[in-house]
1. What FRET efficiency, computed as 1/(1 + (r/R0)^6) with R0 = 25 Å and r the Cβ-Cβ distance, is obtained for LYS99 and HIS141, rounded to the nearest 0.05?
2. Gaussian network model of the chain, Cα springs within a sub-10 Å range: biggest mean-square fluctuation belongs to which of MET110, MET192, MET137?
3. So who's got an amide H within less than 5 Å of the one on ARG34, skipping anything under 5 residues away but keeping other chains? H placed 1.01 Å off N, in plane.
4. Residue-wise, which Karplus ³J(HN,Hα) couplings in Hz belong to region 33-46, taking 6.51 cos²θ - 1.76 cosθ + 1.60, θ = phi - 60°, and x for glycine or proline?
5. Quick one: among ALA104, ALA94, ALA133, which has the greatest mean-square fluctuation in a GNM of the chain with alpha-carbon springs under 10 angstrom?
6. Test of understanding: what is the full-extension gain from GLU115 to GLU9, defined as 0.36 nm times their sequence separation minus their Cα-Cα distance?
7. Quick one: net charge of LEU197's neighbours, Cβ under 14 Å, K/R +1, D/E -1?
8. Within a Cβ distance under 14 Å of LEU27, other residues only, what is the Lys/Arg minus Asp/Glu net charge?
Amino acid sequence: MTQELAPSEARARYDRIYTTLRKRICLLDYQPGRRLREEDLAEEFHVSRTPIRRVLARLEDEGLVQSVHGVGTIVTDFDIESLSEVYRLRIELAELTGKLSPVAPDAALMRELAELEARAQELLRLPDARDFARLNMEFFHLLQALTANEPLREVSERLYFQTTRIWLKTASRLGQYRNVLREEVDAFIREMRDVSLALESRDLAAVGHIRRAHISMSFSRLLSKAQATDAPAANSN
């Protein structure tokens, strides 16, 4: 007989499963079109199918999976054009980080930021798109700590994870993969340095402006690269 968990333990288990599956989807460990079987996931995480259903329902609400009648739960496909409005909303929301319930950084956050920059420098030497995506994800979560406004944190996180797969998908279609990745890592390092300088000055409003500018430029670069990779296919018709 399965021992019933305390509410806090059940919540922690649910959060762990949700975070794990979301990360797998966003790092393309689960490719678009992959079927996620409840029974397989329940066996992997040693739980009943009930918490798995709850997690999959949340992922579907966030647009990362889709329930297809007669098939099951499928990882959704995506492209930058279909998510362009989401990206534009992210750009506008980024500036609010330093305005709504700002939280001054502590020494631990500054150390983590320095460690992330050191890892990014290593990526310049050994470019890897998946490692870059993981690093970007950690940077996003780190900056989430700069606001105590929970609705802003929730909306920002939801939008971030809707768009974060775009880079990996685009990178996989690029011929000059390593050169393009180095360009992105270099831009990422510049953003981290700008953010670090702003935080050292305790200028959280500047952090929001920096984030807005870099997300906007990243979106423009991705849109240009996506259109460039689509052009040969369009011209061949």
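1. Details: r = 20 Å, r/R0 = 0.79.
According to the calculation, E is roughly 0.80.
2. MET110
3. Here the answer is VAL75, since their amide H atoms fall under 5 Å of that of ARG34.
4. Coupling constants for region 33-46: x, 6, 8, 9, 8, 4, 5, 5, 5, 4, 5, 4, 8, 6 Hz.
5. ALA104
6. Values: separation 106, 0.36 × 106 = 38.16 nm, distance 3.13 nm.
Result for the pair: 35.0 nm of gain on full extension.
7. Values: positive: ARG190, ARG193, ARG202, ARG211; negative: GLU117, GLU191, ASP194, GLU200, ASP203.
Here the charged neighbours net out to -1.
8. Charge balance near LEU27 sits at +4.
Each value in this text was obtained by applying a stated rule to the coordinates, not by laboratory testing. These numbers come from a predicted model, not from an experiment. So basically every Cβ, Gly included, is an ideal-geometry build from the backbone, and we count neighbours across all protein chains shown.
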